[in-house]
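Everything on this sheet refers to the single structure shown next.
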Amino acid sequence: MSIKSLTPEIIWCICRYVCFPEEGYGYEYKGLAPFSTISRSWQAVVEEATFAHLSFTQHGLADARRIITPARQHLVSSIKFHIQLNSYDESARLQIETQEEQEQNSSIFTKAVQDAFHLIKS
């Protein structure tokens, strides 16, 4: 029996053991991607885990669009999308936003949501 002929269940047990030495690690599958290069069967198992729960910001939409191919879309169960607005210095946090700042934040938010829906739609 070769490593390429293992069942998906065994492959997943190996991946979990190597990447998650402690229980309760969560959905962060860091270090799992290199295992997808072993064979097509390993790739299927790894992608099922890594694409199930995605997390990115509006700055990562281009990468998400590139890696979430039509063949991988069915693997996605949830997307955590964090929109990053312009930051304020400490003194500005104590003051009410100006109309210009509100409009700028609104514009950033609106564009990010629209871009995210375009990603989901395609």
Candidates VAL46, VAL18, VAL76: whichever shows maximal mean-square fluctuation once the chain is modelled as a Gaussian network with Cα springs under 10 Å: VAL18
Long-range amide H partners of THR57 with built H, under 5 Å: HIS82
Sites ILE10 and LEU75 - FRET efficiency at Förster radius 22 Å, r taken between beta-carbons, to 0.05: 0.65
Charge context of GLN104, other residues only, Cβ under 15 angstrom, K/R +1, D/E -1: -3
Exposed-loop-free span, longest in the chain, where GluC sites (Glu not before Pro) count as exposed if DSSP calls them loop and at most 14 other C-beta atoms lie within 10 Å: 29-89
Relative packing of peptides 49-56, 64-71 - highest average C-beta neighbours within 10 Å first: 49-56, 64-71
Charge sum, other residues only, whose C-beta stays under 15 Å from ALA62's C-beta, Lys/Arg counted +1 and Asp/Glu -1: +1
Viscosity 0.692 mPa s, 37 °C: Kirkwood-radius Stokes-Einstein D of the chain over Cα pairs, µm²/s: 190 µm²/s
Förster radius 22 Å - calculated FRET efficiency between GLN104 and HIS59, Cβ distance, rounded to 0.05: 0.85
Ellipticity estimate at 222 nm from DSSP helix runs (n ≥ 4, -39,500 (n - 2.57)) divided over the chain, nearest 500: -14000 deg cm²/dmol
Choice from GLN104, GLN73, GLN95 with maximal GNM fluctuation in the chain (Cα, 10 Å cutoff): GLN95
For region 3-121: relative contact order, % (alpha-carbon pairs under 8 angstrom, 6 or more apart): 21 percent
Residues ILE96 and ALA33, FRET efficiency given R0 of 41 Å [Cβ-Cβ distance, rounded to 0.05]: 0.35
Cβ-placed point charges (K, R +1; D, E -1), dipole of the chain about Cα centre in debye, nearest 20: 760 debye
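None of the figures in this text is laboratory data; all of them are computed from the coordinates on show. In this text, all values refer to a predicted model and were calculated from it rather than measured experimentally. Here Cβ is always computed from backbone atoms with ideal geometry, including for glycine, and neighbour counts include all displayed protein chains.
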